[in-house]
Structures are given as structure tokens and as C-alpha cells.
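Report on the following structure.
Just so you know, all these numbers are worked out from the coordinates, no wet-lab data involved. Because the structure is a prediction, the values reported are computed rather than measured. Note: ideal-geometry Cβ built from the backbone for every residue, glycine included; neighbour counts use all protein chains shown.
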Ligand code: MTE
Ligand code: MO
């Protein structure tokens with residue numbers, strides 16, 4: 001059993017698949033704290049978790065032609081200036097279960113919890129690439145990452161991002177060795193992972209073994225044959241993965257975490273809580289909440305965490321306390337967020353449905369009953 005050495009997990013996690021391990025925190029725990037505690041941070045593994053020895057670990061940075069590659073130990077990586085930022089990581093499949101309710105899709109049945117937030121610390125990728133001799137070239141290029149997790153044929157997890165993002169100090173791409181002040185937990189990439197703020201989870205390669213600069217995107221299955229969006233009418237017979245760009249920045253997202261679907265709420269006043277986030281460093285500027293299925297709206301109160309312009313990498317938690325309209329026996333609670341480019345979420349999932357069930361960001365709806 002290649003999974004026999006996987007770490008022990010927190011019992012509160014809702015498991016979507018045991019081997020490989022995929023799990024999300026329950027909604028009420030997800031937004032209990034702004035920073036997600038490491039043990040309940042959602043986990044998305046495609047393969048068994050490698051067991052890496054920090055003393056012999058080496059990160060290989062392939063240099064430009066004519067330069068020697070770098071082989072960095074953990075100590076070497078600690079010699080680069082330490083950079084620490086709060087970043088929300090979201091899987092492209094977050095909320096896929098709402099798409100599959102409409103029509104079957106292929107993928108894990110994530111609910112609203114394939115998203116979490118941590119303080120990440122490590123070396124900036126741009127500093128390490130510069131040390132290896134790389135420069136921002138005018139021609140299009142990509143930085144390819146390879147994990148040290150692999151399938152029985154020896155194929156490793158891999159992904160890539162454009163060189164322009166990797167070399168931009170303002171993009172703050174990290175080779176992270178710390179998560180919330182601790183060494184990375186094994187499930188989250190020990191000892192080193194990539195953190196690409198504002199970009200889909202799939203590019204945050206864990207158990208990082210190799211970094212190279214290539215003229216083309218990574219040839220990995222997960223870069224080329226997965227994590228892409230398609231027209232709702234494209235099916236598995238007609239799909240052409242080469243026709244669609246790989247997902248990088250994600251669209252604006254929000255979800256209700258309290259109350260829960262089907263719950264009984266007290267008459268009088270209701271408290272609605274949730275999260276909101278947008279990709280590419282775009283800040284969430286407003287969250288609207290409806291108690292009547294979207295007929296009338298109220299503006300939720302956002303947390304006061306700092307939102308840096310163009311570098312708003314982390315989510316905002318929000319809440320709304322509102323009177324329950326007298327006589328109501330049920331509430332159709334809805335939320336939708338707006339980002340600082342005034343992007344909004346689509347009202348229903350139908351027009352954004354796709355065969356892989358990615359980019360699911362329609363208005364989130366929760367139906368509750370009112371106690372009488
Ligand atoms: N990196 C490696 N090496 N192997 C993986 O399976 N999964 C990716 C990404 N990096 C993956 C990986 C995907 S799809 C996501 S959403 C994030 O890791 C999840 O990170 P987390 O498990 O720390 O939440
Ligand atoms: Mo993912």
C-alpha cells in the first residue's frame with residue numbers, strides 16, 4: 001500500500017477520498033478564525049505523501065544555458081531574505097458538488113471547504129531564480145515546478161506559471177518552508193512548497209523537487225489535461241484540452257458557512273457568516289446577502305484585515321445580523337461578492353457548468369427553517 005506512510009489527520013475533516021487523501025474542514029470551523037489552523041487546512045493530494053528527510057533534502061534549480069544548476073539544502077534556502085505573507089489557497093474544484101447536482105461532472109465532490117488561509121514564509125522565488133542566473137526575458141517563458149510525489153510509473157506531480165509572474169517581486173511568489181509559524185506539515189508539502197498568491201491551488205506545488213525555466217508550459221497532465229474551463233455544451237467526446245488556457249488567476253468567490261443547509265434558526269434575529277475572496281490580488285469590496293432568495297439584499301459587514309491594493313491575496317470573512325421578517329417559516333439565504341474590478345458572481349451554476357466541474361462560483365444559497 002503506497003499510502004501506508006501517509007500522516008495521521010484531524011478527525012474533524014470531511015474526507016472526500018482516503019487514497020489519495022482529500023478532505024475539507026466543516027464550514028463552521030472554516031470561518032471560526034481568519035487564519036485556518038494547520039490541522040484543519042483543506043488537503044488536496046493526487047498521490048501518496050512522500051516522506052522526505054530534511055537533512056538530505058535538495059531543491060534543484062536549473063540555470064540558464066551555460067550556468068551551473070543550484071542544488072539548495074533547507075539551510076541554503078534559509079539564507080535568502082525571509083518573506084512572510086497571508087495567502088488564501090483555493091482549489092479549482094471548490095464547490096464542485098453544486099455543479100454535479102445539475103449534471104454529472106468528473107471530480108471530487110468538494111463542498112464549500114476546498115479553500116483555506118495561512119501565513120506562509122519562505123524565500124521569494126524571484127530571489128532564488130536570480131541567484132541561479134535567470135532574468136526576465138522578453139520572450140514568453142514559463143517556470144515549471146516538479147513535486148517529489150509520484151505515481152507507480154514514476155510520474156511526478158507538476159505545474160507551471162508564467163516567468164513574468166515568477167520574476168515579479170510584487171507578485172510575491174514564495175518557496176515556502178513555514179505555514180503559520182511552523183515547518184510545513186507533511187500534507188501541505190514538507191519541507192518546501194510553492195505559494196503563488198492569487199493563483200489556483202493546483203500551481204502551488206508541494207514537496208518541491210525541481211524548478212526550471214522553459215519555453216513552454218509544464219507538460220504535466222495537471223497543467224495540460226486538467227484545470228481548464230470549457231463551454232457548458234462541451235462533453236468528453238468533443239473536449240479539446242489544447243484549445244483552452246490553463247487556469248491561473250481565479251474568479252471572485254464567496255460562500256455562506258453559517259447557518260448550514262437545512263438547519264432550524266430562531267425567530268427574531270439571524271446571523272449569517274461566510275467568506276469571500278478573489279484571484280489575482282483583487283480585493284473584495286462588498287458582500288451582499290439576501291434572506292428571500294435574491295429579491296432584496298443587505299450589505300454584510302467585512303472583517304477589518306488589511307487589503308493591499310492589487311495584492312489582496314487573502315480572503316475576507318463577513319457576517320450579517322438581520323431581523324427575521326415576522327411570519328416567515330423559512331429563509332432562502334443567498335450571498336454574492338464584488339471585487340475591486342467590480343467583477344460579480346453569476347446567479348446560477350447552469351451557464352458556467354463545465355465537464356470537469358471547475359470554477360464553480362455562482363451565488364451561494366442556503367435554505368433554512370425558522371423555529372416557531
Ligand atoms: N503538489 C503536489 N506535489 N502534489 C499534489 O497533488 N495538489 C495541488 C497543489 N499542489 C498537489 C500539489 C492542488 S490541485 C491543490 S488545490 C493544492 O496543492 C492543495 O494544497 P493543500 O493540500 O496544501 O491545501
Ligand atoms: Mo486543486
Which of 76, 187, 292 moves the most in a Gaussian network model of the chain with Cα springs under 10 Å?
-> 76
Kirkwood Rh, segment 84-186, all Cα pairs: how many Å?
-> 16.3
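What number, rounded to the nearest 500 deg cm²/dmol, is the helix-based mean residue ellipticity at 222 nm of the chain, given -39500 (n - 2.57) per DSSP H run of at least four residues and division by all its residues? Display every interim value, and only then the final one.
On the way: 6 runs with 33 residues, N = 372.
Result for the chain: -2000 deg cm²/dmol, rounded to the nearest 500.
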If contacts are Cα pairs under 8 angstrom and at least 6 residues apart, what is the relative contact order of segment 253-370 in percent?
-> 36
From fewest to most C-beta neighbours within 10 Å, the residues 241, 41, 21, 145 line up as 241, 21, 41, 145
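What Kirkwood hydrodynamic radius do you get for segment 19-165 when you take the inverse of the mean 1/r over all pairs of distinct Cα atoms, in Å? Provide the component values of the computation, followed by the final result.
Details: mean 1/r = 0.0549 Å⁻¹.
The answer is 18.2 Å.
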Taking only the Cα positions of segment 54-105, the convex hull volume per residue in Å³ is 187
Length-normalised contact order for segment 176-314 - Cα pairs under 8 Å, 6+ apart - percent | 17
Relative contact order for the chain, counting Cα pairs under 8 Å that sit 6 or more residues apart, in percent | 17
What residue among 122, 154, 181 shows peak mean-square fluctuation when the chain is described by a Gaussian network model with Cα springs under 10 Å?
-> 154
Translational diffusion coefficient, Stokes-Einstein: compute it for the chain using the Kirkwood radius over C-alpha pairs as Rh, at 10 °C and 1.306 mPa s, and state it as an integer in µm² s⁻¹.
-> 74
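In what sequence do 264, 179 fall when counting other Cβ within 10 Å, fewest first?
On the way: 264 11, 179 23.
With the sparsest Cβ surroundings first, the list reads 264, 179.
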Taking alpha-carbon centroids only, segment 222-248 lies from segment 1-75 a number of Å equal to 26
Under a Gaussian network model of the chain whose springs join Cα atoms within less than 10 Å, the largest fluctuation of 125, 331, 317 belongs to 331
For segment 1-102, how big is Rg over Rh, using alpha carbon atoms and the Kirkwood form of Rh?
-> 1.06
Which residues does a label at residue 271 reach in segment 279-293, if reach means a backbone N under 20 Å from a point 7 Å past the Cα toward the Cβ?
-> 287-291
With a ≥ b ≥ c taken as the square roots of the eigenvalues of the C-alpha gyration tensor of segment 253-370, please select rounded if a/c is under 1.5 and otherwise prolate if a/b is larger than b/c or oblate if it is not?
-> oblate
So for 78, 142, fewest C-beta neighbours within 10 Å to most, what's the order?
-> 78, 142
Kindly identify segment 152-261 as rounded, prolate or oblate by the Cα gyration tensor criterion: order the square roots of the eigenvalues as a ≥ b ≥ c, call it rounded if a/c is under 1.5, otherwise compare a/b with b/c, prolate if a/b is larger, else oblate.
-> oblate
Calculated FRET value between residue 298 and residue 329, using beta carbons and R₀ = 25 Å, to 0.05 | 0.80
